[in-house]
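The values are calculated or read from the model by the stated rules, or taken from the named source; none is laboratory data. What you are looking at is a predicted structure, and each value in this text was computed from that prediction instead of being measured. As a convention, Cβ positions derive from the backbone with ideal geometry for all residues, glycine included, and neighbour counts pool all protein chains shown. For the accessible areas, the whole protein counts, side chains as well, though only heavy atoms, and no ligand, DNA or RNA atoms are used. Shrake-Rupley method; radii C 1.70, N 1.55, O 1.52, S 1.80 Å.
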Amino acid sequence: MLGYCLKRTLAAVPVMVIVALFVFLLLRLSPGDPAAIIAGDMATPDQLARIREALGLNEPMHIQFFRWSGELLQGNFGTSLMSGMSVTTLMAQRLEPTVSLAIFSMLLSVLVAVPMGVLAAWKHGSLIDRAIMSLSVIGFSVPVFVIGYLLIKLLAIDLGWLPVQGFRRLSEEGPWPFLEHALLPAIMLSTIYIALIARMTRASMLDVLGEDYIRTAHAKGASEKRVLFRHALRNAGVPILEVIGTGFALMITGVVVTESVFNIPGLGRLTVDAILSRDYPVIQGLILVTSGVYVLINLLIDLSYALLDPRIRYQ
Amino acid sequence: MKPLKGLQKGAQGAACALMASAMVSAMPLLATPVQAETVRAVMHSGLRVLDPVATTAHITRDHGYMIFDTLLAMDEKFQPRPQMADWSVSDDGMVYTFTLRDGLKWHDGSDVTASDVVASFQRWAARDGGGQMLMDHVAGIEATDAQTVTLTLSSAFAYVLELMAKPSSIPLFIMPARIADKSPDEMLSVEDQIGSGPFRFVAGDYDPGNRVVYEKFEDYVPRDEPASWLAGGKVVNVDRVEWINMSDAQTALNALNTGEIDFLEAPSVDLLPILQANADIVVDNPNELGSQTMGRLNFLYPPFDNPDIRRAALMALNQTDVLASLVGNPEYYSTCPSMYGCSTPLATDAGAPALLTGKGDVAAAQQLLKDAGYDGTPVVMMQPTDSPTVSPQPVIAAQLMRRAGFTVDLQPMDWQTLVTRRASQQPPDQGGWNMFFTNWALPEVWNPLVNPMLNGRGRDGGWFGWPQDEALEEMREAFARAETDEARKDIAERLQVHAFEQVTYIPLGEYKTPSAWRSDLTGILHAPLPVFWNLSRSR
């Protein structure tokens, strides 16, 4: 197992190098000049040239790349061209809102979707099954911002139960302020994942419910609940886990709309801001970190297969 | 707000799981003073660049006014007034002496001295267009004692005080010498946000593009005169001001409606009826001057290297259609024939074609194009799709110009690509351009010295579009030397006639951006930019 982890980790290194190189080149070849953005409307060409020089943007591309790579190897993601703050500090400021919201949303999704999927499979072909599948189609189909604005209108503006925007850090203000502010965005974020996980759970459960060992379990007198959740769900778990893992990674990297609608200062908004202002070091740092998250989550998913299916061995 | 009681019970379990994620970012606990009077404001943009000398971005200028003070300041009559210093001028008008008032302190507790002023002046003059023009006439500036700064001119220049007091684009903010000594090309950092202004920057709470926090500077001593625009007493009645950036206009509106924020600088005009329906919200125009929208042509390449074709473009366009598309609600826009803005001291309609504020003259434009021998060279027009205040103009302009006979190549792009591409002096088919549109706050265009589009220095030193116009430059120089208001007005009129004749740029009218705030906020100052002194919260 340890050897497998090490091999997978080392295999990620060339992936990360390619990502770093690709992102670096893509940014430099795209239109946009951070110096022009910093200097504003009044800048003369001479002033722009001096700002570029001060930021090191007029150096040959390979020199810029090697300097950045050298800093990365020392664990330094560089400095924001706009704010002058370290990229690490900027990312740390925005990490907690995104990660805590993603965990909360995924917990909500799993707690709602897995029982829904199991129920739909158990009652396969019934009205309940069709209702659950219809709901999941709606979950897929309605854009998340529509759901977000509906939630805000109903629960925040009309009923006044929850705030319309903002975020409170769990680490600073405790669970209740956090939940009060995270509940609506979590519902908005989880809608699509509830639909996805419920469908995957249903399909996977249907696959295993026809297996011999399920019949054996029934024959041995196991309760329906035990058969469904102990025997069937565990064996149907691998694809479900895959969806949950991938969904979690997507939540961390792709919550831009939710963060905008609810004014959450997370990584998504930081990414959009950095792209719009051509803040190269921040964009590069964010893409590297999010790529790393994907690699890590994929590794964790692979490792967790063995927990669900003891026949899986790692070499 | 009524909390969800049922939810509170179940919160504990989930909270335990979430604690793990919270640990990823062990941010320091930043205490807010108990009972502190806090004003939460959503500004027009997030603050990303902290150096008001490095950039002309308005949000950075507004930030500058929170924490830095100015040597002089401009009042509502466009007159320079003493702020940190009083002044005297020698009889021959060549020596200006500025004397700092007593009790000025930096936010770190040290005293403001004349050498700080000299260093700040030099850093400002290296970057600001007005400052550079002033420096062409300055023999020297020095601290003659701890409280006194002497500026000596090398040649007559009548606009010294106006340029030092102007609120845009880069105001003369006074900084500690150790900070102002930095190169103007090296941006100030978070640690450098030490001013002597009415508010103190809270560095620990700064989250670029998301949140900025200011606290009242207890040692600030306001002037005795009543506040007028950016001059007079900056009396702070609140403990703390938070600027919160909300990228979504609807979210900001909802937050103001529910009282989660107190002030919204620039709500969308489309959404104003929602705010106006709420009795707890005031919608008004603290910035009565507003902004001018304009079109700029590239003088370097065909077709606009031909003055007759530029005139055809002027005839084809009109402010009425552009403003209706840009703003929509006539309550918030007005046509204006003056390049200096219609509510400023130099406002004039001299030289402006009446058709600009009417419906244009398509037939005349067609005839002029024909007479000029226009060969159908496409006009490469840049359209920023991500900026609601600049996106509609090119669409309307393209339509009007096509109707007049121009071939228009409308190229969509994001605003940041546009600001990069407009700096290109390459031909339009090699990464250059022919025409773009932008907006200016009126204090940025109100006279020929501050208005960057009325610069005729060509490729080297001119603003994007690069007209080479010696007559224009001579008139600007004469304006700078003119000693009476009448003489200035006369030169400004002649200059505008010339600029319309050459179609130096096309002013496309004025619009106002109303602000909205909770009705318990009182004393919001009318000024060309949002300020947070003078306001109070009534209980």
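Observations on the structure shown:
- The number of residues in the stretch B:187-215 being without any contact (Cβ under 8 Å) to a residue 12 or more places away in the chain and within 22 Å of residue A:54 (Cβ to Cβ) comes to 0.
- Residues satisfying the stated conditions in the stretch A:40-82, i.e. touching a residue at least 60 places away in the same chain (Cβ under 8 Å) and at the interface with chain B (Cβ under 9 Å from one of its Cβ atoms): A:80, A:81, A:82
- Scan of the stretch B:75-104 for residues that are farther than 30 Å from residue B:452 by Cα and either in contact with a strand residue (DSSP E or B) (Cβ under 6 Å, 6 or more places away or on another chain) or not basic (Lys, Arg) (or both), ordered by number: B:90, B:91, B:99, B:100, B:102, B:103, B:104
- Residue count for the stretch B:331-381, restricted to those that are under 27 Å from the mean Cα position of the chain (by Cα) and of a type in the set (Lys, Arg): 0
- In the stretch B:353-425, counting only helices (runs of 4 or more DSSP H) that sit wholly within it, the ones holding 2 or more residues that are β-branched (Val, Ile, Thr) and open to solvent by less than 40 Å² (accessible area, probe 1.4 Å) span B:415-421.
- Entirely in the stretch B:47-165, the helices (runs of 4 or more DSSP H) that have 1 or more residues that are at pLDDT 95 or above: B:58-67, B:114-127, B:160-165
- Matching entry among A:21, A:27, A:72 (being open to solvent by 20 Å² or more (accessible area, probe 1.4 Å) and within 23 Å of residue B:413 (Cβ to Cβ)): A:27
- Tallying residues that are free of Cβ contacts under 8 Å to residues at least 60 places away in the same chain and of a type outside the set (Val, Ile, Thr) within the stretch A:156-178 yields 14.
- Any hit, the stretch B:233-244, residues being open to solvent by 20 Å² or more (accessible area, probe 1.4 Å), closer than 29 Å to residue B:101 by Cβ and not in a loop (DSSP other than H, G, I, E, B): no
- Reported count of residues in the stretch B:166-218, each being open to solvent by 20 Å² or more (accessible area, probe 1.4 Å), facing chain A (nearest Cβ under 10 Å) and part of a loop (DSSP other than H, G, I, E, B), is 6.
Every residue, every condition in (1) polar (S, T, N, Q); (2) at pLDDT 85 or above; (3) more than 30 Å from residue B:128 (Cα to Cα); (4) touching a strand residue (DSSP E or B) at 6+ places or on another chain (Cβ under 6 Å), yes or no:
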residue: A:29; (1), (2), (3), (4): no, no, yes, no
residue: A:37; (1), (2), (3), (4): no, no, no, no
residue: A:59; (1), (2), (3), (4): no, yes, no, no
residue: A:63; (1), (2), (3), (4): no, yes, yes, no
residue: A:73; (1), (2), (3), (4): no, yes, yes, no
residue: A:97; (1), (2), (3), (4): no, yes, yes, no
residue: A:109; (1), (2), (3), (4): yes, yes, yes, no
residue: A:115; (1), (2), (3), (4): no, yes, yes, no
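- Residue in the stretch A:251-271 that is aromatic (Phe, Trp, Tyr), open to solvent by less than 40 Å² (accessible area, probe 1.4 Å) and closer than 25 Å to residue A:71 by Cβ present: no
- Scan of the stretch B:313-346 for residues that are open to solvent by 30 Å² or more (accessible area, probe 1.4 Å) and not in a helix (DSSP H, G or I), ordered by number: B:328, B:329, B:333, B:334, B:335, B:337, B:342, B:343, B:345
- Elements of the type helices (runs of 4 or more DSSP H) sitting completely within the stretch A:113-232 and holding at least 2 residues that are surrounded by fewer than 23 Cβ atoms within 10 Å (Cβ to Cβ) and touching a helix residue (DSSP H, G or I) at 6+ places or on another chain (Cβ under 8 Å): these cover A:127-141, A:144-151, A:175-209, A:212-219.
- Among (1) farther than 30 Å from residue B:199 by Cβ; (2) crowded, with 21+ Cβ neighbours inside 10 Å; (3) of a type outside the set (Phe, Trp, Tyr), the one test that residue B:528 misses: (1)
- Residue check: residue B:301 meets all listed conditions (1) within 28 Å of the chain's Cα centre (by Cα); (2) among the hydroxyl-bearing types (Ser, Thr, Tyr); (3) under 18 Å from residue B:435 (Cβ atoms); (4) in a loop (DSSP other than H, G, I, E, B) but one, namely (1).
- Matching residues, the stretch B:249-277, being open to solvent by 30 Å² or more (accessible area, probe 1.4 Å) and under 17 Å from residue A:156 (Cα atoms): B:249, B:250, B:257, B:258, B:259, B:260, B:274
- Some residue of the stretch B:493-512 being within 14 Å of chain A (Cβ to nearest Cβ) and either in contact with a strand residue (DSSP E or B) (Cβ under 7 Å, 6 or more places away or on another chain) or of a type in the set (Asp, Glu) (or both): yes
- Selection within the stretch B:466-508 - at positive phi and either buried (at least 21 other Cβ atoms within 10 Å of the Cβ) or assigned to a strand (DSSP E or B) (or both): B:503
- Among the residues of the stretch B:114-135, those that are more than 14 Å from chain A (Cβ to nearest Cβ) and open to solvent by less than 40 Å² (accessible area, probe 1.4 Å) comprise B:114, B:116, B:117, B:118, B:119, B:120, B:121, B:134.
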